[in-house]
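The values are calculated or read from the model by the stated rules, or taken from the named source; none is laboratory data. Bear in mind that the values here come from a model prediction, so they are computed numbers and not experimental data. Here the Cβ positions follow ideal geometry from the backbone for every residue, glycine too, while neighbour counts run over all protein chains shown. When the accessible area is computed, the model is the full protein with side chains, heavy atoms only, and any ligands, DNA or RNA have been set aside. Shrake-Rupley method; radii C 1.70, N 1.55, O 1.52, S 1.80 Å.
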Amino acid sequence: MTSTTPLQAVIVGAGPAGIRAAQTLAAHGLRPVLIDEAARGGGQVYRRPPAHFQRPPRALYGSQAARATALHRTLDGLQAQIDYQSDSLVWNAEGGQLDLLHGPTQTTRTLRYGPLIVASGAIDRVLPVPGWTLPGVYTLGAAQVALKFQGCAIGRNVVLMGTGPLLYLVAYQYARCAGTRVAAVLDTARRADQLAAVPALLAEPAILARGLHCVAWLRAHGVPIHRGIRPVRVQGDARVSAVVWSDGAQQHRLACDAIGLGHGLRSETQLADLLDCRFVWSPAEHAHLPAHDAAGRSSVPGVYLAGDGAGIMGADAAECAGERAALALLADHGRAVDGARARQLERRLGQLRRVGQALARAFPLPADWAAQAPDALLLCRCENITAGQLRACARETGADEMNRLKALTRIGMGRCQGRICALAGAEILAQATGRPVEQVGRLRGQAPIKPIPLHLQTQQVADGTDAAAPPRDE
């Protein structure tokens, strides 16, 4: 039986997953609320530049320009059918409502939700290296944001270091679009890892071809690519001047004025955590992820997960997952949906999940990173915590779980809320205690998810919800 009861659905995140979810709900007669932290929708992979930005889509998105443009047009075309709230950070979820901070005015308010689709996306996954806090060291994602959103490069002579498909994509974009010299691509993954993943990747020839094209273009234009390396240290005084790396036989020093660093992506899971979703360990992604079924239903009734926030699968999969989660939401609330389309999306997601697992095999985290990390290595920049301090805490107190380690050392209590340091901290704790990393746990999400102003005054806004305004200058 088809329900005619008004249904207020909320979507968090206006990337590929969130936009497709909104499109699907609107096509079925709903007017969803779409909340996004960015000023313009598109997510990280299809980050949309400011309106006055003149660089053409091909220069920003390469071979994915047509897909990015189509997604942007879809969102633009939905404006009359959805309640689109950009520049809005969801910083807490509690008691059936979301707490939001609206960026331009720095006002806060609450929004009640019924069914909720979380499409929170992903962030960089980083393993620190000595010297990584020097000015001129960026994450790969930050390097890409600078190019897409600000129209500038992070340096003139850049090294890209780490592993993952994003490593080669950013190198290609910088060498091709930014007018920057890419001094080298330094990949911690071995050639053997990548060759072993090729048979599985052949199932998706378009994805494989995009990766091979980036590598071939870089080589054709003289960009050195070194695989199976180990970062030793970043050198510099006031800012980066060089990177030292080892090929296993000897060390090499390469001059540069900027470094893009990253070891793939990790799911942004804090909101799912605040919503009390159950988490499970994913060996392929080397991370604890919120559990969900093939349609995107989480362990919490009425909460659905879509896109990279539920597991790293890429933009193509995110679009499918957003639509599938929306269909699940509709079906769960008595709305008629196309069952054949739902099954088609699940099959496609299954195919792309296997590709994601193959990519994880091709670009694994360095297995010996923790053993090689010196005691003086700074892991938590916010709280100034070193690897040696974590090892000493584990040794002296018996701490063998991440939240206990956090309470004793303050790792993960700073501005990033563990987004950057949690992975490295867990690896060090596992190495120090001799336990598998999946058994040392994960840092639990805490509100506020991201920093918000401390001094807020309550005011009443037009829609009748409580809001807060920043204090006036004294």
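Assuming R0 = 41 Å, can you tell me the calculated FRET efficiency for the pair R253 and H28, based on Cβ-Cβ distance, to the nearest 0.05?
0.10
Using the Cβ atoms and a cut-off under 14 Å, what net charge is assigned to the surroundings of N157, where Lys and Arg are +1 and Asp and Glu are -1?
+3
Using only the alpha-carbon atoms, how far is helix 315-332 inclined from the longest principal axis of the chain? Give it as 0 to 90 degrees, nearest 10.
Taking Cα atoms only, the helix is inclined about 30 degrees.
Based solely on its DSSP helices, what 222 nm [θ] is calculated for the chain when runs of n ≥ 4 H residues each add -39,500 (n - 2.57) and the sum is averaged over all residues, nearest 500 deg cm²/dmol?
-10500 deg cm²/dmol
Scale the Cα Rg of segment 296-408 by the rule-of-thumb value 2.2 N^0.38 Å and send over the ratio, two decimals.
Dividing the Cα radius of gyration by 2.2 N^0.38 Å gives 1.58.
When the chain is fully extended, how far beyond the present Cα-Cα distance does A371 get from Q8, taking 0.36 nm per residue of separation?
125.6 nm
Note down the net charge around L140, summing +1 for each Lys or Arg and -1 for each Asp or Glu among other residues with Cβ under 10 Å from its Cβ.
Residues close to L140 contribute a combined charge of 0.
Just the number, please: Stokes-Einstein D of the chain in µm²/s, Kirkwood Rh from C-alpha pairs, 25 °C, 0.890 mPa s.
For these conditions, the coefficient is 105 µm²/s.
Rank Y168, Y84 by accessible area, highest first, at a 1.4 Å probe radius?
Y84, Y168
To the nearest 10 degrees, how steep is helix 205-220 against the longest Cα principal axis of the chain, on a 0 to 90 scale?
40
Using only the Cα atoms of segment 24-125, construct the convex hull and provide its projected area averaged over every direction, in square nanometres to one decimal.
Result: 8.3 nm².
Over segment 51-171, with the other protein chains present, what is the accessible area per residue in square angstrom, probe 1.4 angstrom?
Averaged over the residues of segment 51-171, the accessible area is 39 Å².
Could you pull the accessible area for W132 with a 1.4 Å probe, rounded to 10 Å²?
10
Express in Å², to the nearest 10, the accessible area of S241 obtained by rolling a 1.4 Å probe over the protein heavy atoms while all chains stay in place.
Probe radius 1.4 Å; accessible area of S241 about 50 Å².
In square angstrom, what is the accessible area per residue of segment 361-403 with a 1.4 angstrom probe?
Heavy-atom accessible area per residue stands at 49 Å².
Probe radius 1.4 Å, ligands and nucleic acids ignored: give me the carbon and sulfur share of the accessible area of the chain as a rounded percent.
Summing carbon and sulfur atoms, their accessible area is 51 percent of the total for the chain.
How much length is gained on full extension from Q150 to A70, taking 0.36 nm per residue of separation minus their Cα-Cα distance?
Here the segment from Q150 to A70 would lengthen by 26.6 nm.
Using a 1.4 Å probe and ignoring any ligands, DNA or RNA, find the accessible area of T188 and quote it in Å² to the nearest 10.
Spelled out: T188, probe radius 1.4 Å, area about 20 Å².
At 0.36 nm per residue, minus the direct Cα-Cα distance, what do R190 and R239 gain on full extension? Give it in nm, one decimal, please.
14.7 nm
Can you give me the angle between helix 65-77 and the longest principal axis of the chain, using Cα atoms only, in degrees from 0 to 90, rounded to the nearest 10?
30
Between A39 and R348, with labels modelled 7 Å along Cα→Cβ, what's the label distance in nm to one decimal, could you check?
So the two model labels end up 3.2 nm from each other.
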